[in-house]
Amino acid sequence: MNKVQAKDRIKKLKALIEEYRYHYHVLDESIMSDEAADSLKHELSQLENQYPDLITPDSPTQRIAGQSLPGFKSVSHKERMISLNDAFSNQEVKSWQERIIKLIDNTKLEYFVDIKMDGLACALVYEDGQLFQGITRGDGFVGEDVTANIRTIESIPLKLRKSQKYQYMLKGRTEIRGEIIMYKKDFDELNKKRKKQGLAEFANPRNTAAGTIRQLDPSLVASRKLYFRAYDLIKDDHQVSSNSEVYQILKELGFLVNDMSKVCHSLDEVFNFANDWQVKRQSLPFNTDGLVIKINDKEIYQKLGVVGKAPRAAIAYKYAAEQATTKLLDILVSIGRTGTATPVAMLQPVTIAGTTVQMATLHNEGEIHRKDIRIGDTVIVHKAGDIIPEVIEPIIKLRSGQEKVFRMPKNCPDCGQPLAKYAKDDAAWRCMNKDCQSRIWKRIEHYASKESLDIEGLGEKNVISLLDAGLIKDQADIYILKEVQVAKLERFGKLSANKLIEAIRAKKRPDLNRFIYGLGIRHVGVQTAIDLANYFKNIEALSLANIDQLKKVEGIGDVVAESIVEWFAEPSNKSLLDKFKKQGVWPKTAYQINGPLKDTKIVITGSLKSMLREEAAEAIRLLGGTFQGSVGKDTDILVVADKTGSSKIKKANELGIKQITEDEFIKMIS
């Protein structure tokens, strides 16, 4: 991006971020997710770093934001309430450390780390130990006097607790700074009451806490449960030695502080703390999106000073966001094994939930037009844990006028045959040509995949090589491959060809459930295949089943039953099964496992460190349990692993489902 383009982009980003800030901080409403807004701010900051002469005083990066609302007296802060710069990766934290070391020439730094709270920053002023005033952050220099409201919060002491060790804190002016928050359970309870009363539900705990404190009626504030958690103090005539000591003093004076805070002696310790709480943060009573990392030594902290709006000696470490903004470069159409034509967004690479995302699903043509997504748009992309990235919406105000409306192609991009729909109200277009090359290689790849027959060496590229060479035409043909044929192909040698042939031969008598799933029947997933195998016991019985018989299987309704009957009635599929049989390939009779996890339904959220998700699912099934993809009323256990999203945990909390750690899960299946 050249300077002229950067200038135009910066102008649009500033306008949009400022509008977001006004709605969020002044009107207490949100026009986009916090994560999406953070992503836009990060982009603006990077552009300004690239072109420093384009930085203007009105840029969102140069101020904290916020305005006083009518009805409250404006109060100047004695010492500015500063904000923190953000770090979105370990490398950015390391770069922050390197800048500090250059300034103070000290490589043995000690860090104080705490959970970053998502609430309303507030300063409490005490005179001779008595609560005198409560002031919101405002713009950092001037806030609002909300004393009458904060006096109703039980966790705020009206009088500082007496302490022999810190007697001096009870004399003169003492300022305590912290966050006013609403706990998640109280927020849910409040929304339940509002729903019963026919009132609109609140969006999130942070906005609700901020909006409550800005109410002109203290009795309304008193009716809602709010908490104040302290994190700093200011005492002009006394210098505290460390940030960790600040927390000791705050507790001694009667304030609620985060007990999970910790002194770390290296960045490795900091990152271990961050990784630990990334998993455990869902168990916290309040929402958080990261950590606050401070230099622990107060003397060094003060010496490093403030640059712009933020102190040099502290930084906010943000957990991998589940949403980010990026450019939609193009929309391609991908043909699946069942013929479904799915529009796929080709994106400018962006890091979301700890991984680099370059493609995201757009579901179908109707969704694209409903959301008004265009090629060239800046879009909000969502990804949580193992979920496929999805384009949420475009940011229309950042359009340049060069964006293009997407039109679904009339013909299959792979075979050229017309795309059609099964029914008028069908959302998806499909390639009806069963001999479409794209459909063929995806059917074969699916048959060999880990969840199906798990044939090592038959991935996408090798399947395409075998098809291009004319050695195979369908799934059954892989069993007549000869080592000498395969070894001649560009991607193979004698050793790799031998390994592939051996891997294929080893799967001539597959488990029935794996074989059923490997056939690629529409609407039949891994668990449905297991349920079918357990009920019908063999492939012959399943192939002869009618719709009424199929619907007796738990979880199978009309749509799935019709799809199964249709698959076995199709002449080409009958020929495929005959071909398998002639080549000695036939699934084993199924026997239901009565293991220690019988009738136990388990869901996993996040990334397991000790094994792949497919291996965990297989372990659950081998012990007689059921592996589920999503949390439901019948779920018994939720395994909370690393880099989790929030949706499954939230639902588990609502349904009262038991939650266990990865270590507990490993013990369970060992």
Based on what the data block shows, is residue 210 closer than 23 Å to residue 127 by Cβ and touching a strand residue (DSSP E or B) at 6+ places or on another chain (Cβ under 6 Å)? no
Which of the numbered conditions does residue 464 fail, given that it passes all the others? Conditions: (1) part of a loop (DSSP other than H, G, I, E, B); (2) closer than 21 Å to residue 335 by Cβ. (1)
Can you find a residue in segment 424-445 that is of a type in the set (Gly, Ala, Ser), out of contact with any Pro (no Cβ under 8 Å at 6 or more places or on another chain) and closer than 30 Å to residue 639 by Cα? no
Check off (1) of a type outside the set (Lys, Arg); (2) touching a Phe, Trp or Tyr at 6+ places or on another chain (Cβ under 9 Å); (3) surrounded by fewer than 18 Cβ atoms within 10 Å (Cβ to Cβ) for residue 641 and give me the number that stays unchecked. (3)
Of the residues that make up segment 378-396, is at least one hydroxyl-bearing (Ser, Thr, Tyr), outside any loop (DSSP other than H, G, I, E, B) and either surrounded by 19 or more Cβ atoms within 10 Å (Cβ to Cβ) or not assigned by TED's automatic domain parsing to the domain that holds residue 478 (or both)? yes
Could you count how many residues in segment 425-445 are part of a helix (DSSP H, G or I) and within 19 Å of residue 571 (Cβ to Cβ)? 3
Based on what the data block shows, is residue 603 closer than 30 Å to residue 660 by Cβ and touching a residue at least 12 places away in the same chain (Cβ under 8 Å)? yes
So, residue 575, is that one exposed (fewer than 15 other Cβ atoms within 10 Å of the Cβ), closer than 30 Å to residue 481 by Cβ and free of Cβ contacts under 8 Å to residues at least 40 places away in the same chain or not? yes
Suppose we filter 140, 134 for residues that are at pLDDT 90 or above, touching a Lys or Arg at 6+ places or on another chain (Cβ under 9 Å) and either in the same structural domain as residue 203 (by TED's automatic domain parsing) or not in a loop (DSSP other than H, G, I, E, B) (or both); which single one remains? 134
Residues that are modelled with pLDDT under 90 and within 25 Å of the chain's Cα centre (by Cα): which helices (runs of 4 or more DSSP H) entirely in segment 208-287 hold 2 or more of them? 267-280
Which pairs turn up if I take residues in segment 506-526 that are without any contact (Cβ under 8 Å) to a residue 12 or more places away in the chain and under 14 Å from residue 458 (Cβ atoms) and look for partners that are hydrophobic (A, V, I, L, M, F, W, C) and in a helix (DSSP H, G or I) with beta carbon separation below 9 Å, at least 6 apart in sequence or on another chain? none
Please note which strands (runs of 3 or more DSSP E) are completely contained in segment 590-648 and include at least 3 residues that are more than 18 Å from residue 554 (Cβ to Cβ). 637-640
Set 235, 171, 162, 185: member being in the same structural domain as residue 288 (by TED's automatic domain parsing), more than 21 Å from residue 24 (Cβ to Cβ) and without any contact (Cβ under 8 Å) to a residue 40 or more places away in the chain: 162
Can you confirm whether residue 94 is part of a loop (DSSP other than H, G, I, E, B), surrounded by fewer than 18 Cβ atoms within 10 Å (Cβ to Cβ) and modelled with pLDDT of 90 or more? no
Any idea which of 358, 302 is assigned to a strand (DSSP E or B) and at negative phi? 358
Selection from segment 545-570 of residues part of a helix (DSSP H, G or I), touching a residue at least 12 places away in the same chain (Cβ under 8 Å) and not charged (D, E, K, R) yields 547, 550, 559, 560, 561, 563, 564, 565, 567, 568
For segment 146-169, check the following and say yes or no: at least one residue is outside any strand (DSSP E or B), farther than 25 Å from residue 216 by Cβ, small (Gly, Ala, Ser) and over 38 Å from the mean Cα position of the chain (by Cα). yes
Yes or no: segment 369-392 includes at least one residue that is modelled with pLDDT under 95 and farther than 30 Å from residue 414 by Cα. yes
For segment 58-78, does any single residue satisfy the condition of being in contact with a helix residue (DSSP H, G or I) (Cβ under 9 Å, 6 or more places away or on another chain), at pLDDT 90 or above, of a type outside the set (Gly, Ala, Ser) and surrounded by 13 or more Cβ atoms within 10 Å (Cβ to Cβ)? no
Determine whether residue 314 is of a type outside the set (Lys, Arg), more than 30 Å from residue 375 (Cα to Cα) and in contact (Cβ under 8 Å) with a residue 60 or more places away in the chain. yes
Residue pairs, Cβ under 6 Å, 6 or more apart or interchain, first in segment 465-477 and in contact (Cβ under 8 Å) with a residue 12 or more places away in the chain, second crowded, with 18+ Cβ neighbours inside 10 Å and outside any loop (DSSP other than H, G, I, E, B). List them. 467/441; 472/466; 472/478; 475/444; 475/447; 476/580
Is there a residue in segment 519-535 that is at pLDDT below 95, of a type in the set (Phe, Trp, Tyr) and not in a loop (DSSP other than H, G, I, E, B)? yes
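The values are calculated or read from the model by the stated rules, or taken from the named source; none is laboratory data. Note that the structure is predicted; figures quoted are calculated from it, not measured. Cβ atoms come from the backbone with ideal geometry, glycine included; neighbour counts cover every protein chain shown.
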